[in-house]
């Protein structure tokens, strides 16, 4: 299998896999909340993981919360602040943010992106002018890879006294970390860590309320932390940041070669968000006249893992809300697939993908391509 769905989830980094195997072999029963020796040892390890994450994110350790997923971190930010006030967000946020917004029980204003997939800061600021209490914006779109002006929007929010939240799940290893936002969410399995652990950075003084009652994580999240997973997340984040400046350009070159070759051979093909700054690993391609689900299954049979829109929405048979919000027609949205490259992608993989697509498209797509 040639795995090209890194925006849905990245393979474990080899060093993280080795750490997990060794850690679980020596793991002992110790609850970080217990006062005996085993509990204190577990607490020291948890505090160490928190401090490592904080260093990478340029935060104080007390500003780092561990969660069970990026979706939980996003939901905590959206539902744990100002539930009686207006939430301003974009129409292209991840579903976990938009679904949480629906549960706030207060007005929600969704700002649509331009045709290139970028949300304009001025539009977000205008929406905040109506008296918002929270502004939520992703760092980069998970489907198109379009990088959003989250730092600029965060500064605009702060100037208006509006709390800001950024879903930065797609950022580690691909974009510089650190943010102007008051709250920022991450998910370990998006940057070479294990599934089952997320991170929420919370600026000191932000009056966040927890979703699950309990005394853990500074009283903001009930439940015994998975210490080994938190340590693995810290290691994966360090590795992702360490390799970003070298690995990022390499993957971008692969993505650019893929798009350039594909569009030259089939002029009817379009790349969503091509006119905007994008994550270097992401390519969301429209094949007019094709059915994306059919292409996905054909590629799967040939040994390639790609996706149609967000992984969490796969199987719904609905066109991507992100593409529709960008003004893409329903027909073209249904003919679009996302290919997201990663650490294990090679030149040979790209060549094989191009050759396989050429064979599949000859059978599946109108001759306009």
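The values are calculated or read from the model by the stated rules, or taken from the named source; none is laboratory data. Small disclaimer: the values here were computed from a predicted structure and weren't measured. Quick reminder, even Gly has a Cβ in these numbers, built from the backbone with ideal geometry, and neighbours come from all protein chains shown.
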Consider the range 241-263. How many of its residues are touching a helix residue (DSSP H, G or I) at 6+ places or on another chain (Cβ under 8 Å) and either free of Cβ contacts under 8 Å to residues at least 12 places away in the same chain or surrounded by fewer than 18 Cβ atoms within 10 Å (Cβ to Cβ) (or both)? 3
Determine whether residue 83 is surrounded by fewer than 24 Cβ atoms within 10 Å (Cβ to Cβ), in contact with a helix residue (DSSP H, G or I) (Cβ under 7 Å, 6 or more places away or on another chain) and assigned by TED's automatic domain parsing to the domain that holds residue 228. no
Residue check, residue 328 against (1) in a loop (DSSP other than H, G, I, E, B); (2) within 20 Å of the chain's Cα centre (by Cα); (3) at pLDDT 95 or above, all met but one. Which one? (2)
I'd like to verify a number: residues in the range 264-304 that are out of contact with any helix residue (DSSP H, G or I) (no Cβ under 8 Å at 6 or more places or on another chain), under 29 Å from residue 176 (Cα atoms) and surrounded by fewer than 22 Cβ atoms within 10 Å (Cβ to Cβ), how many? 3
Flagged in the range 112-124 as surrounded by fewer than 24 Cβ atoms within 10 Å (Cβ to Cβ), closer than 19 Å to residue 154 by Cβ and in contact with a strand residue (DSSP E or B) (Cβ under 9 Å, 6 or more places away or on another chain), in numbering order, are 113, 118, 120, 123
Selection over the range 271-291 where residues are under 22 Å from the mean Cα position of the chain (by Cα) and either closer than 15 Å to residue 356 by Cα or part of a strand (DSSP E or B) (or both) yields a count of 7
Counted residues in the range 309-318 being buried (at least 17 other Cβ atoms within 10 Å of the Cβ) and either in a helix (DSSP H, G or I) or modelled with pLDDT of 90 or more (or both) come to 1
With respect to residue 177, is the statement that it is outside the structural domain of residue 307 (by TED's automatic domain parsing), touching a residue at least 24 places away in the same chain (Cβ under 8 Å), farther than 30 Å from residue 307 by Cα and touching a helix residue (DSSP H, G or I) at 6+ places or on another chain (Cβ under 8 Å) true? no
